[in-house]
Amino acid sequence: MSAPACLVTGSSGLVGSEVCAYLSARGAVVHGIDNNQRAVFFGPPGDTAWNRERLQQTLPHYCHHGVDIRNRSQLTELVRTIQPALIVHAAAHATPVAALTTNPRDSDSLSVQTPSAAWATGNSSP
């Protein structure tokens, strides 16, 4: 029997990276989605590339995808390809209140991520 495939959004962030490690330690093939929007929102101090690299180096069955989860067609294709047994949606904005009031791009990120993840799942499953 092959290991289950799992998909984790926000995989390079604090919560997402811990979920990836947890699932990997239990034998899952982990597919992480993270396009490092923290670096866009917060500049170099928010960059999570170091954490993505750590996951790629330390988790034996980790595969990274730099997909923007607001892009429904890319996300749907990825879900169809991977056919995950589990999806963990950990992508989030570090400061949601500020995102809604200071920057339309940040607000768009919040308002589109979760519906896109749900839409891709519903449109990719048999």
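The values are calculated or read from the model by the stated rules, or taken from the named source; none is laboratory data. Computed from a prediction, not measured in an experiment: that's the story for all the values here. Heads up, the Cβs are rebuilt from the backbone with ideal geometry, glycines too, and the neighbour counts pull from every protein chain shown.
Some points to look at:
- Restricting Q74, Q83 to residues that are surrounded by 15 or more Cβ atoms within 10 Å (Cβ to Cβ) and not β-branched (V, I, T) narrows the list to Q74.
- Any chance V8 is within 13 Å of V88 (Cβ to Cβ) and touching a strand residue (DSSP E or B) at 6+ places or on another chain (Cβ under 7 Å): yes
- Scanning the range 1-40 for residues being under 8 Å from the mean Cα position of the chain (by Cα), hydroxyl-bearing (S, T, Y) and not in a loop (DSSP other than H, G, I, E, B) gives a total of 1.
- Scan of the range 41-57 for residues that are within 15 Å of the chain's Cα centre (by Cα) and small (G, A, S), ordered by number: A49
- Verdict on V67 being modelled with pLDDT of 95 or more, on the phi < 0 side of the Ramachandran plot, of a type in the set (V, I, T) and not in a helix (DSSP H, G or I): no
- Set G32, G16, G10, G27: member being crowded, with 22+ Cβ neighbours inside 10 Å, on the phi > 0 side of the Ramachandran plot and in contact (Cβ under 8 Å) with a residue 24 or more places away in the chain: G10
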